[in-house]
Amino acid sequence: MRMNKNTKFSGPSKLFFVSPYFLLVFLVIPAYSVLRIKLRLPVSGDLLLVNNVTFCVCIALRLVWRMLRMRGDIRYGADYHPPKSVIEIDRPVAQLQTALAGAGFHFTVAGNYGEKRDLGYLGTTLLFVGLLLLLIFGSYDYMREYSVMGRLGVGEPISLDGKGLIGEFEAGSLAGASRLPMLQVKKQILPNSQWPKGATEIALLSPDRKELATGTIAPGKPFRYGGLDYHMTRFIFDALIMIRKDKSIVYENFVKFLPLPQKKGVYSYYGSLKNAQSENVGGEAWLNPEDKAIQIKATLDKKNIVDTELQLWGKNKIAQGAYLASLEGLAQWSEIRVARGRHKVMLMMGAALAVLGGFLRIVFRPQRIWLDEAEETSRVRVIGGKALPLLGASDKK
């Protein structure tokens, strides 16, 4: 019968290294952040980061604590969650120890506590390994996070430090946005058989305008360079449309054209004429990007005033009644999102280990037993069902 020294936990170490309830402390800040998001209040990313780093340190120390005991026969220890209910057995402790040892139980030197190795302990260890991977790579990716959206046309390169770009600019403390290459659109490819949603040829340049890399991006087909993914989301067109009546300007505005889910005849982009500067003017417009033609239907005080097609390279001015509609210019933009990829493989591995570990912990329960000698019987406390059949049939509570 193999004996091991009992594992003792002091109050603070038991709380920090063993108690599952202590880990609930690290859910307070995420829950608080979610509540603030629901209330549309600002959320501190630094506070979440500090919480995750502290949680990561706690999980790492618990993992080391458990791994040091992984090879031992006594893993939990007699003082870890002892049960309150007691069973009286009409057999001496020494006889019970012999029967239990033959079934794979190991006892402490004192002989009053024993346990059997279980896969649940390994499961909890794997759970901590998975959580540690999620916290380490999740926090690292958060600190290196970089995401920005830009609308670029063919022409001069732009910096990716967030200046002059549209959309929300996100950069973590380790993003290194100032060291990123410049982005240039070299060519825009309208939808065709090879590129059904269009494509954009891009170049990445160093600060001294030296070409570092080139690639073609399209919706669903990003280009990766230097840890960054360059995505083209769509084409967007801005058309300067003007409507005059005699010498007065009834309407003048850049109309934004976005892709239609389904083409309307030859037109594949749609824009609304409604804007805050011309509240009494309404209507719709459709764009045929191949021919640079726009079908416009405009209203003034809900009365139709213009219904015609304008062409950038052709009839760009057409008079209808007292009104003169004109297409003054058309700009084509590639909407490009630049983002740093995450360590998806490691995050997926961490999640898989956490799920597997949790499953093993639930399926395989600890098998532990406490033995105390009484006058003519043994007082027994048990966790797990494998020890009960070995205790004998003459049990009484």
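The values are calculated or read from the model by the stated rules, or taken from the named source; none is laboratory data. A quick note: this is a predicted structure, and the numbers were derived from the prediction, not measured. Counting neighbours? That spans all protein chains shown, and the Cβs are built from the backbone with ideal geometry, glycine included. Remember, those area values only see protein heavy atoms, side chains included, never the ligands or the DNA or RNA. Shrake-Rupley method; radii C 1.70, N 1.55, O 1.52, S 1.80 Å.
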Checklist entry - Of all the residues that make up the range 220-271, how many are surrounded by 15 or more Cβ atoms within 10 Å (Cβ to Cβ) and not in a strand (DSSP E or B)? => result 1
Item to check | Residue check, Leu183 in contact with a strand residue (DSSP E or B) (Cβ under 7 Å, 6 or more places away or on another chain), within 30 Å of Asp238 (Cβ to Cβ), open to solvent by less than 20 Å² (accessible area, probe 1.4 Å) and modelled with pLDDT under 90 | outcome: no
Checklist outcome for this item: Checked Val64, Val57 against criteria (under 30 Å from Lys386 (Cβ atoms), modelled with pLDDT of 90 or more and part of a helix (DSSP H, G or I)); the one match is Val64
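Table: residues versus (1) touching a residue at least 60 places away in the same chain (Cβ under 8 Å); (2) open to solvent by 50 Å² or more (accessible area, probe 1.4 Å); (3) under 23 Å from the mean Cα position of the chain (by Cα).
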position: Val306; (1), (2), (3): yes, no, no
position: Gln332; (1), (2), (3): yes, no, no
position: Leu347; (1), (2), (3): yes, no, yes
position: Ala351; (1), (2), (3): yes, no, yes
position: Arg379; (1), (2), (3): yes, yes, no
position: Val382; (1), (2), (3): yes, no, no
Checklist entry - From the set of residues in the range 277-292 that are free of Cβ contacts under 8 Å to residues at least 60 places away in the same chain and part of a loop (DSSP other than H, G, I, E, B), which is surrounded by the fewest Cβ atoms within 10 Å (Cβ to Cβ)? => result Glu279
Checklist entry - Is it the case that Leu324 is among the aliphatic types (A, V, I, L, M), surrounded by 16 or more Cβ atoms within 10 Å (Cβ to Cβ) and either out of contact with any strand residue (DSSP E or B) (no Cβ under 9 Å at 6 or more places or on another chain) or without any contact (Cβ under 8 Å) to a residue 60 or more places away in the chain (or both)? => result no
Item to check | Pairs, first over 15 Å from Gly329 (Cβ atoms) in the range 239-266, second open to solvent by 80 Å² or more (accessible area, probe 1.4 Å) and not in a strand (DSSP E or B), C-beta under 8 Å, six or more apart | outcome: Pro259/Lys197; Val266/Glu290; Val266/Asp291
Next on the checklist: Just to be sure I understand, how many residues within the range 320-345 are closer than 14 Å to Phe137 by Cα and either at pLDDT 95 or above or assigned to a loop (DSSP other than H, G, I, E, B) (or both)?
Outcome noted: 3
Item to check | Residues that are open to solvent by 60 Å² or more (accessible area, probe 1.4 Å), part of a helix (DSSP H, G or I) and of a type outside the set (S, T, N, Q), drawn from the range 95-111 | outcome: Gly102
Next on the checklist: With the structure loaded, tell me whether Lys274 is without any contact (Cβ under 8 Å) to a residue 24 or more places away in the chain, among the charged types (D, E, K, R) and under 30 Å from Ile318 (Cβ atoms) or whether it fails that test.
Outcome noted: yes
Checklist entry - Pick from the range 199-219 the residues that are of a type in the set (Val, Ile, Thr) and open to solvent by 10 Å² or more (accessible area, probe 1.4 Å): which of them is nearest to Trp333 (Cα to Cα)? => result Thr216
